[in-house]
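Let me begin by presenting the structure, written as structure tokens, before commenting on it.
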Amino acid sequence: MNAPAEERTACVECDLLVQIGELQGGERAACPRCGHVLTAPKADGLTRTLAYALAACVLLALANAFPFIELKAKGLEQVMTLPRTAVELYRDGYATLAVLVLGPIVAIPALMLATLVALLVPLRHGRKAGWLVPAGRFLFVLGPWSMVEVFVIGVLVSLVKIGAMASVVMGISFWAYVGFAFCFTAALSSLDQLELWREIEACTP
């Protein structure tokens, strides 16, 4: 007998509907057509994701509260912070660019972390809430718009060029943001989507 449509999961690579049963920690399910891993639940995966998310929240707050980079050249000194970068672009008449710069590296990741924490706390305690489904959808809609890793790589590449023209001092904010990028990436990689949706369905009244 064929499984009902609601018990199947569509492969994100080839759109094949695949029925997935209960998996134990360490097991994984792959698409029989293209081999894409559909789910790989980990032991205490939600708890681990929550821990990484909370650490990322603290580090992101530090990254926005302290100097990010300090440039010294020919007796001139310039100290930049992440919020000030957007402010300076806005003052120069580049409002759209200011939003595009600050949004994917600060605002959107912050929204994702807030949504993730708001989801995981009630799920770990088995609390039922009607807003869990839209919150889960909102989290995965924001995902493609986050550019945390791209920003870190871009900064490192820029430092190679700037270092030849000025003395560069990396501030507390830079190291905090690097730590945030690690924790943010680890939180998302520890999160199994299928496991999350099953937990959400179980806690939806």
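Miscellaneous remarks
- Selection status of L102, modelled with pLDDT under 85 and within 27 Å of V169 (Cα to Cα): no
- C14 vs. criteria modelled with pLDDT of 80 or more and not assigned by TED's automatic domain parsing to the domain that holds L102: yes
- Positions within segment 148-161 being surrounded by 15 or more Cβ atoms within 10 Å (Cβ to Cβ) and either at pLDDT below 90 or among the charged types (D, E, K, R) (or both), in sequence order: F151, V152, V155
- When restricted to residues that are surrounded by 15 or more Cβ atoms within 10 Å (Cβ to Cβ) and of a type in the set (A, V, I, L, M), segment 81-106 contains 8.
- Taken over segment 125-141, the criterion of being hydrophobic (A, V, I, L, M, F, W, C) and in a loop (DSSP other than H, G, I, E, B) is satisfied by A129, W131.
- Filter result for L113 (at pLDDT 85 or above and touching a Cys at 6+ places or on another chain (Cβ under 8 Å)): yes
- Filter result (among the hydroxyl-bearing types (S, T, Y), under 28 Å from E77 (Cα atoms) and touching a residue at least 40 places away in the same chain (Cβ under 8 Å)) within segment 126-185: S167, S173, Y177
- Selection status of F138, touching a helix residue (DSSP H, G or I) at 6+ places or on another chain (Cβ under 7 Å), farther than 25 Å from T9 by Cβ and at pLDDT 85 or above: no
- Residues of segment 88-111 that turn out to be part of a helix (DSSP H, G or I), without any contact (Cβ under 8 Å) to a residue 40 or more places away in the chain and not charged (D, E, K, R), as a count: 13
- Residue match in segment 68-87 (condition: among the aromatic types (F, W, Y), over 26 Å from W197 (Cα atoms), in the same structural domain as T185 (by TED's automatic domain parsing) and in contact with a Lys or Arg (Cβ under 9 Å, 6 or more places away or on another chain)): yes
- Counting only helices (runs of 4 or more DSSP H) that sit completely within segment 148-205, those holding 2 or more residues that are polar (S, T, N, Q) correspond to 172-190.
- Restricting attention to segment 78-119, the residues that are touching a Ser or Thr at 6+ places or on another chain (Cβ under 7 Å) and β-branched (V, I, T) add up to 3.
- Unique match (being surrounded by 13 or more Cβ atoms within 10 Å (Cβ to Cβ), out of contact with any helix residue (DSSP H, G or I) (no Cβ under 6 Å at 6 or more places or on another chain) and touching a residue at least 60 places away in the same chain (Cβ under 8 Å)) among A30, A65: A65
The values are calculated or read from the model by the stated rules, or taken from the named source; none is laboratory data. Remember, it's a predicted structure, so these values are computed and weren't measured experimentally. Neighbour counts are summed over all protein chains in view; Cβ atoms, including those assigned to glycine, are modelled from backbone coordinates with ideal geometry.
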